[in-house]
1. Over the chain, what portion of Cα pair distances is larger than 23 Å, expressed as a whole percent?
2. What 222 nm value per residue comes from the helices of the chain, counting each DSSP H run with n ≥ 4 as -39,500 (n - 2.57) and dividing by all residues, nearest 500 deg cm²/dmol?
3. Return the whole-Å distance between the Cα centroid of the stretch 8-35 and the Cα centroid of the stretch 70-104.
4. For a label point 7 Å from the Cα of S29 along Cα→C-beta, name the residues of the stretch 79-103 whose backbone N is under 20 Å from it.
5. Quote the relative contact order of the stretch 11-102 in percent (integer), defining contacts as alpha-carbon pairs under 8 Å separated by 6+ residues.
6. At a 10 Å Cβ-Cβ cut-off, how would you order M52, M73, fewest neighbours first?
7. What does the net charge come to around P12 if you take all other residues with beta carbon closer than 13 Å to its beta carbon, with K and R at +1 and D and E at -1?
8. Expressed as an acute angle from 0 to 90° and rounded to the nearest 10, what is the orientation of the C-alpha long axis of helix 12-45 relative to the principal long axis of the chain?
Amino acid sequence: MQHLYERIDRDPRFHALARRRSLLGWGLSAAVLVAYYAFILAIAFAPGLLAMPLGPDTVLTVGIIAGLAVIVMSVALTGVYVWRANRTFDGLNAAIVGDATRDA
């Protein structure tokens with residue numbers, strides 16, 4: 001089994017795949033963290049803005065919508081990662097492992 005791992009590790013496609021997957025993961029994580037911390041900073045430094053009602057006869061506030069937006073964005077970005085993994089990364093991974101096992 002160790003020999004298989006060594007063959008996979010020598011494949012330049014494996015390192016390119018790992019780099020692309022890592023960049024996507026870190027980029028999407030950064031987007032979620034920026035949105036989350038922007039929301040927290042808005043709570044800390046602009047509570048009046050988030051407390052504004054959406055309309056004259058509603059109890060919904062800007063803060064509730066902003067909080068829901070952060071949650072929905074997190075779920076959507078998870079979906080983006082899964083879509084990209086299923087569409088691109090899984091095929092490349094299967095090709096790399098297939099080539100490494102065929103050469104065995």
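Quick note: the coordinates plus some simple rules give every number you see, no bench work behind them. Since we're looking at a predicted model, the values are computed, not measured. Glycine also receives a Cβ, built like all others from the backbone with ideal geometry; neighbour counts cover every protein chain displayed.
1. On the way: 2743 of 5356 pairs.
So the portion of pairs separated by more than 23 Å is 51 percent.
2. Numbers: 5 runs with 84 residues, N = 104.
For the chain, the value works out to -27000 deg cm²/dmol.
3. Centre-to-centre distance over Cα atoms comes out at 10 Å.
4. From the stretch 79-103, the list is 79-86, 89-90.
5. Working: 45 pairs, mean separation 32.5, N = 92.
Normalised by residue count, the contact order of the stretch 11-102 is 35 percent.
6. Values: M52 10, M73 14.
Lowest count first: M52, M73.
7. In short, +2.
8. 10
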